[in-house]
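**Student:** Below is a structure I'd like to ask you about.
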Amino acid sequence: MKFFNTNFDGLWVIETESKSDDRGFLTRLFCKNEFDKINFHQEFVQENLTFTKAKGTFRGFHYQLPPHTETKLVRCIDGKVIDIVIDLRKNSKTFLDTFSLELDSSRLNMILIPEGFAHGFQTLTDNCMMLYLHSNFYNASFERGIRFNDPAINIELPLLVTDISERDKNHPNILKKFEGI
């Protein structure tokens, strides 16, 4: 595994290395020893899989409030997406800044998203599957979201949004008084 630090504290881009032969390939998707090298020692307690049918679909921006904030390890295992995070940590030098990365199943790259970030993605191909590892259990009472087209965030998606859930479409904009989490 190769870990690439970003200018966001705790946010890592990870590329896997595959061993290939005539049969196909093998790649390591998680190894505690490898993550120890970047001083990541949290335990993952939940794993989720999403399947999204149509290119252009947007999912997100989701996050959980304390004490249920969570670190996520996210990868696209089929298809290609633009993965986007928003730093919501009130004391962060990158507060309300965004980071995006193309996750591609042919590359098997992934992103480690620390606690205090909102997360979303747009599918760039049909039939995308995303795999998530979470450091905390989902708690609906503490879940929140941010509208994908919030002018305060000003994210330019690569495609027109072709599909979005009613819940995601109706997330609130960040208000000027938002102080972070």
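**Student:** Given SER100, SER105, SER92, which one is under 16 Å from LYS55 (Cβ atoms) and among the polar types (S, T, N, Q)?
**Tutor:** Working: SER100 fails: under 16 Å from LYS55 (Cβ atoms); SER92 fails: under 16 Å from LYS55 (Cβ atoms).
Unique residue meeting the criteria: SER105.
**Student:** Among the residues of region 69-78, which ones are out of contact with any Ser or Thr (no Cβ under 8 Å at 6 or more places or on another chain) and either open to solvent by 40 Å² or more (accessible area, probe 1.4 Å) or of a type in the set (Val, Ile, Thr) (or both)?
**Tutor:** Within region 69-78, THR69, VAL74 qualify.
**Student:** Those residues that are of a type in the set (A, V, I, L, M), modelled with pLDDT under 95 and part of a strand (DSSP E or B), I need them from region 16-70; list them, please. It would help to see each step written out before you state the result.
**Tutor:** If we filter region 16-70 for residues that are of a type in the set (A, V, I, L, M), which is where we start, we get 26, 29, 38, 45, 49, 54, 65.
From what is left, the residues that are modelled with pLDDT under 95 are 26, 29.
LEU26 - this is the single residue of region 16-70 that is of a type in the set (A, V, I, L, M), modelled with pLDDT under 95 and part of a strand (DSSP E or B).
To keep it simple, each residue is scored yes or no on (1) open to solvent by 30 Å² or more (accessible area, probe 1.4 Å); (2) more than 10 Å from the chain's Cα centre (by Cα).
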{"residue": "LYS80", "(1), (2)": "yes, yes"}
{"residue": "LYS90", "(1), (2)": "yes, yes"}
{"residue": "SER100", "(1), (2)": "yes, no"}
{"residue": "THR123", "(1), (2)": "no, yes"}
{"residue": "ASP126", "(1), (2)": "yes, yes"}
{"residue": "ASP163", "(1), (2)": "yes, yes"}
{"residue": "ARG167", "(1), (2)": "yes, yes"}
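**Student:** Which residue, of PHE58, PHE8, PHE35, PHE44, is more than 29 Å from LEU157 (Cβ to Cβ), within 18 Å of the chain's Cα centre (by Cα), among the hydrophobic types (A, V, I, L, M, F, W, C) and crowded, with 16+ Cβ neighbours inside 10 Å?
**Tutor:** PHE35
**Student:** Report, by residue number, each residue of region 11-39 that is in contact (Cβ under 8 Å) with a residue 40 or more places away in the chain, in contact with a Ser or Thr (Cβ under 8 Å, 6 or more places away or on another chain) and of a type outside the set (Val, Ile, Thr).
**Tutor:** TRP12, SER18, LEU29
**Student:** Take the conditions open to solvent by less than 30 Å² (accessible area, probe 1.4 Å), in contact (Cβ under 8 Å) with a residue 12 or more places away in the chain and hydrophobic (A, V, I, L, M, F, W, C) and apply them to LEU133. Does it pass? Spell out the reasoning first.
**Tutor:** Values: open to solvent by less than 30 Å² (accessible area, probe 1.4 Å): yes; in contact (Cβ under 8 Å) with a residue 12 or more places away in the chain: yes; hydrophobic (A, V, I, L, M, F, W, C): yes.
The answer is yes for LEU133.
The values are calculated or read from the model by the stated rules, or taken from the named source; none is laboratory data. What you are looking at is a predicted structure, and each value in this text was computed from that prediction instead of being measured. Virtual Cβ from ideal backbone geometry, glycine too; neighbours counted across all protein chains shown. Ligands, DNA and RNA are stripped out before the accessible areas are found, and what is left, the full protein with its side chains, is counted by its heavy atoms. Shrake-Rupley method; radii C 1.70, N 1.55, O 1.52, S 1.80 Å.
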